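These notes concern the structure reproduced below.
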């Protein structure tokens, strides 16, 4: 399996369903349906599409390709870390780019992310009995911890705080603990910020789009984004990760044509605590439920094996046996990815349902744009096939 390819190719995977009429006299074609995106911890985007085209002949297949649809409405459900919020940011980049207000908003978010990450590592060092290489780092740790306790983590770093963070991040004990980050809770975007702490702590620091894509904020309530992709209008709603919200959505969903399930495969080496399950195993369980759910009986399923960039680095030093004790393959990237893909696809209990799998990185804007462009094209080609025009 190659990135962006599968058995039939992405262009032929996002199936669409014609549910309305074809007027034999006026040649008025109308299509209506839903596309759904789902990810780890039930990240779901419900895309409602209306397509209309007027034609007196079935021979003008190429001419109707630009007339894909009028608008697409989606609801995006999911938990933290699933990649859905990054997709929403990519949508904003595709639509109009980040505004000055966005850059002002995310600067304190990055400050807080850095402070909380250092505190998380220091606390993990205590639990794992990992000492600082230099005992003076205890003083630096207390400086950072006091910032968090004082609720000043979003403030601009003072010189003392900046220097304390720099010394801590260079400490071999801190680095040793960070190398074992799969054993405690810490965001996978932290290295991006801490490796470049001088730039982020600078008084004249200017954020980039890439900086914002690496931030993570818990979704509260509903966030709406709109963008146009050629002739297709997308309206996407990002919904907080409350279970009640997800159940409410499932109770009201019907006529789903396609489900895109996004799983964070980089979590394969996570060591779960007493009260939780490995995140990749959890994703498998959710995929089992979604894939075999009666609500999605006629839907085409697309599986996005996400955060492949992080996975490539982790698989070099961690064994897939952490998540799958019975795995007997090598730790080579392609062997490991194919095995994970097979684990997901084996959950499908419907012989007539195909699972189409792809590798993705949601922090890559071109990758995200490719997905939406593919959705746009597949909607057209599927409907052409329904009317024997393609």
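What follows draws every value from the coordinates through simple rules; no lab data is involved. All values reported here derive from a predicted model rather than from experimental measurement. Methodologically, a virtual Cβ is constructed for each residue, glycine included, from the backbone with ideal geometry; neighbour enumeration extends over all protein chains shown.
Does region 278-340 classify as rounded, prolate or oblate by the C-alpha gyration tensor (a ≥ b ≥ c root eigenvalues; a/c under 1.5 gives rounded; else a/b over b/c gives prolate, otherwise oblate)?
Prolate shape, in that a/c is at least 1.5 and a/b is the bigger ratio.
Under a crude label model (7 Å from the Cα following the beta-carbon direction), how far is residue 295 from residue 335 in nanometres?
4.0 nm
I'd like the FRET efficiency for residue 139 and residue 185, computed as 1/(1 + (r/R0)^6) with the beta carbon distance as r and R0 of 25 Å, rounded to 0.05.
Efficiency computed from Cβ-Cβ geometry: 0.50.
Report the calculated FRET efficiency for residue 285 and residue 202 (r = Cβ-Cβ distance, R0 = 41 Å), to the nearest 0.05.
0.40
Take peptides 261-271, 116-126, 180-190 and line them up by average Cβ neighbours within 10 Å, highest first, as a rough protection proxy.
Order by mean packing, descending: 261-271, 116-126, 180-190.
Cut-off 17 Å, label point 7 angstrom out along Cα-to-Cβ of residue 364: give me the residues of region 266-295 whose amide nitrogen falls inside.
266
Suppose R0 equals 41 Å. What FRET efficiency, 1/(1 + (r/R0)^6) with r the Cβ-Cβ distance, do residue 103 and residue 312 give to the nearest 0.05?
Computed FRET efficiency for residue 103 and residue 312: 0.85.
Between residue 126 and residue 328, 0.36 nm times their residue separation minus their Cα-Cα distance comes to what?
My answer for the length gained is 69.2 nm.
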